[in-house]
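Report on the following structure.
Just so it is clear, none of the values below were taken in a lab; they were calculated from the coordinates. Since the model is a prediction, treat every value here as computed from it, not as a measurement. Note: ideal-geometry Cβ built from the backbone for every residue, glycine included; neighbour counts use all protein chains shown.
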Ligand code: GLV
Ligand code: MN
C-alpha cells in the first residue's frame, strides 16, 4: 500500500537528519550488496515478558534496503501460551506463515465478526489492512511465525498498550465508560503497563 518507487532503489539513509515522507537515499556509489540482505530475523527474540512474545522487525528502520519498495517482514516468537496481543497495522495488510508450533490466529472485521483458525507449520494466514488481530501459541512447544507486509513501515497499534499504557495516560473516565467497568479495574490494567 506504499507509493510506487520512482527508481530501482533508494536505500534509506537513516542517519540523515532530513526526512519527508520517508528517508533520503544513500548515495548510489555507497550502496553495496550488504544493503539488500538482512540477517536480523535469524535469531529468536527475547520472550521473557508478560505476553511471552517477541516481534523482531525487518522494516525500513532495521533493514534500510526496503525503503520505497513497499514491503517488510517480521519474525514472531511465542512461548507456549504466549500471545502476540491484539493489534493493528494502520498502513498495511499482513500475511504470515507459521514455521513451527501450533498457533491460533484471528482477526475481527469492522462488522465485529471474528475469523480464526489454528495453524501448524507451513500454513499461511492473511489479515486485511487495519484490522485488529492476534496470534496465540496453543501448542506445547515454542512457536515461530514470519509475517510479511505491503509497507516498508506498517506501524503497530497494540491495543492494550495503546489504551492502558500511553503517556500521558488516557483519563480513567474515558476507559471506565468505554469498557463499562469500575475505576479499580482500569487502574489494575494500567498498573500492568507502567502506571
Ligand atoms: C504479527 O501480527 C505481526 O504484526 O508481525
Ligand atoms: Mn500484525
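A few points about this structure:
- Listing 4, 173 from fewest to most neighbouring C-beta atoms within 10 Å gives 4, 173.
- Considering region 154-195, its Cα convex hull presents a mean projected area of 3.0 nm².
- For region 1-110, the fraction of alpha-carbon pairs in successive 10 Å shells from zero, as %: 12, 37, 30, 18, 3
- Sorted largest first, extent of region 50-146 alpha carbons per principal axis (Å): 39, 32, 27
- The value of relative contact order for region 94-195, using C-alpha pairs under 8 Å at least six residues apart, is 27 percent.
- Here the Debye sum runs over all C-alpha atoms of region 32-73 as equal scatterers in vacuum, and log10 of I(q)/I(0) at q = 0.13, 0.16, 0.20 Å⁻¹ comes out as -0.34, -0.48, -0.66.
- Contact order normalised by residue count of the chain, Cα under 8 Å, 6+ apart, percent: 21 percent
- Structure-based [θ]222 nm, the chain - -39500 (n - 2.57) summed over DSSP H runs of at least 4, per residue, nearest 500: -3500 deg cm²/dmol
- Radius of gyration (Cα atoms) of the chain, expressed as a multiple of 2.2 N^0.38 Å: 1.15.
- In terms of other Cβ atoms within 10 Å, 37, 179, 149 run from fewest to most in the order 37, 179, 149.
- Taking a ≥ b ≥ c as the square roots of the Cα gyration tensor eigenvalues, region 93-157 comes out oblate, since a/c reaches at least 1.5 and a/b does not exceed b/c.
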